Amino acid sequence: MKTIVCQEPGHLVMKEVSRPALKPGEALVRIRRVGMCGTDLHAFRGVQPYFTYPRILGHEISGEIADLGQGVSGFKSGDPVVIIPYVECGKCIACRHGKTNCCVHLNLFGVQWDGGMQEYLSVPVDHLIKTQGLSFDQMVMVECLGIGAHAVRRSQLKLGDFTLVIGAGPIGLSVIQFAKEAGARVIALDVLESRLEFCRRHFKPDHVVDGRRDPMKEIESITGGDYPTVVFDATGNAKSMMNAFNFIAHGGKLILVSLVKENITFYDPDFHRRETTLLSSRNATRQDMEHVIRSIETGKVDASSLITHRAKIDEVISVFESWLKPETGVVKAVMEI
């Protein structure tokens, strides 16, 4: 079968390998779609934490059951499935408290384990979600949308809250959708007009703010001087993450959804004066991904509109580098098999 391997930063190669062997309790999944995430792009650039080379990238994966290992029930050949890509130990303190998304010994397909940029993948069946009536395009977006769903759930967002989402990339757009679903008044902020226009056209936030044009003054005006009670940063940019502290209302929260390989600092007197709550948000849980699927099924969340670029497995290596460039207009790129 065909695989695409990131041998080292900046270097993808196509390889032919045998199909993976099945262990008891596993399913062989025929991969149909793989979404390209910031994790994959950062790994290609060589700036992704928790990463080793060589590695088959890809953890946003949809497919169908091709074969089943011993002892598997509840699935059959041909079932469409979404892969939960976070494989937890089930024993550590995080797992014992139900926080499998931040397991001490977490293995993530495409990061610690080889991922979806191949034709077949063996997966523990307890990390598969069977779907009905969704397209492979919708299914491949479930994990990405799950990041936003988890961040919003973690924020305990309330109906009517003024909410600022900084960064209108795929993760920011997923946060926007679930913040709107929760009944928040959503402000989207980015420094790229193309991203803001895409956000405005497809996901209709209540307000759109250009980060190049005195965003503090505009957000102050929108909120009547109160500022947002909940702020999400989904930029993957350390400077933006640190600047986000300036937008928070007194008594408000900041949720850092994106991850950077840098130190984040803030001015402590302002942090204490506002009694700010600072949260990180990592990955998602089965609960979040099942919530995403229900929201897609009921039309509350739009999955497939996020996809702007796609390529077949034989074309990916030639176009992958272009997907890193903002001028190409990429929001979400998908590999098709």
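The values are calculated or read from the model by the stated rules, or taken from the named source; none is laboratory data. The model shown is predicted, which means the values in this text are computed figures rather than measured ones. Here the Cβ is made from the backbone with ideal geometry for all residues, glycine too, and neighbour counts use every protein chain on show.
When M14 is evaluated against the numbered criteria (1) of a type outside the set (S, T, Y); (2) within 24 Å of the chain's Cα centre (by Cα); (3) closer than 15 Å to F320 by Cβ, which criterion, by number, is the only one it fails? Failing condition for M14: (2).
Go through segment 132-153 and count every residue that is surrounded by fewer than 19 Cβ atoms within 10 Å (Cβ to Cβ) and over 15 Å from E181 (Cβ atoms).
Counting residues in segment 132-153 that are surrounded by fewer than 19 Cβ atoms within 10 Å (Cβ to Cβ) and over 15 Å from E181 (Cβ atoms) gives 3.
Any residue at all in segment 212-230 that's under 12 Å from I166 (Cβ atoms) and part of a strand (DSSP E or B)? Yes; the residues of segment 212-230 include at least one that is under 12 Å from I166 (Cβ atoms) and part of a strand (DSSP E or B). Quick check: is even one residue across segment 176-192 surrounded by fewer than 20 Cβ atoms within 10 Å (Cβ to Cβ) and under 25 Å from V334 (Cα atoms)? Scanning segment 176-192 turns up at least one residue that is surrounded by fewer than 20 Cβ atoms within 10 Å (Cβ to Cβ) and under 25 Å from V334 (Cα atoms). Residues in segment 295-331 that are more than 26 Å from K204 (Cβ to Cβ) and charged (D, E, K, R): K312, D314, E315, E321, K325.
Every test in (1) buried (at least 17 other Cβ atoms within 10 Å of the Cβ); (2) acidic (D, E); (3) not in a helix (DSSP H, G or I) is passed by D288 save one, and that test is (3).
For residues that are among the aliphatic types (A, V, I, L, M) and in contact with a Pro (Cβ under 9 Å, 6 or more places away or on another chain), scanning just segment 94-122, find the one that is modelled with the lowest pLDDT. By that ranking, first place goes to V111.
In the set N263, N246, N283, only one residue is of a type outside the set (A, V, I, L, M) and crowded, with 19+ Cβ neighbours inside 10 Å; that residue is N283.
Exactly one residue out of A234, A188, A179, A168 is within 21 Å of the chain's Cα centre (by Cα) and over 30 Å from F109 (Cα atoms), and it is A188. Sub-8 Å Cβ pairs linking a first residue in segment 70-89 that is on the phi > 0 side of the Ramachandran plot to a second residue that is of a type outside the set (G, A, S) and in a loop (DSSP other than H, G, I, E, B), at least 6 apart or interchain, are G71/P24, ordered by first then second residue. Of everything in segment 19-38 that's small (G, A, S) and either modelled with pLDDT under 95 or assigned to a strand (DSSP E or B) (or both), which residue is farthest from I129 (Cα to Cα)? Within segment 19-38, the match that is farthest from I129 (Cα to Cα) is G38. The set of residues in segment 291-304 that are exposed (fewer than 15 other Cβ atoms within 10 Å of the Cβ) and among the hydroxyl-bearing types (S, T, Y) contains only T298. Of all residues in segment 292-313, one or more are part of a loop (DSSP other than H, G, I, E, B) and more than 25 Å from Q177 (Cβ to Cβ).
Based on what the data block shows, is L57 touching a residue at least 40 places away in the same chain (Cβ under 8 Å), surrounded by fewer than 19 Cβ atoms within 10 Å (Cβ to Cβ) and either within 22 Å of R310 (Cα to Cα) or over 25 Å from the mean Cα position of the chain (by Cα) (or both)?
Answer is no for this residue.
Name the residue that is nearest to the chain's Cα centre (by Cα), counting only residues in segment 325-337 that are closer than 23 Å to K2 by Cα and not in a loop (DSSP other than H, G, I, E, B). Per the criteria, the residue is K332.
Where residues in segment 193-219 are touching a Leu at 6+ places or on another chain (Cβ under 7 Å) and of a type in the set (A, V, I, L, M), which of them is farthest from T328 (Cα to Cα)?
Looking at the filtered set, the residue picked out is I219.
In segment 305-320, of all residues being farther than 22 Å from P9 by Cα and among the hydrophobic types (A, V, I, L, M, F, W, C), the one that is surrounded by the fewest Cβ atoms within 10 Å (Cβ to Cβ) corresponds to I307. Here K332 passes the criteria (1) out of contact with any Asp or Glu (no Cβ under 6 Å at 6 or more places or on another chain); (2) surrounded by fewer than 16 Cβ atoms within 10 Å (Cβ to Cβ); (3) basic (K, R); (4) not assigned by TED's automatic domain parsing to the domain that holds K239 except the one numbered (2).
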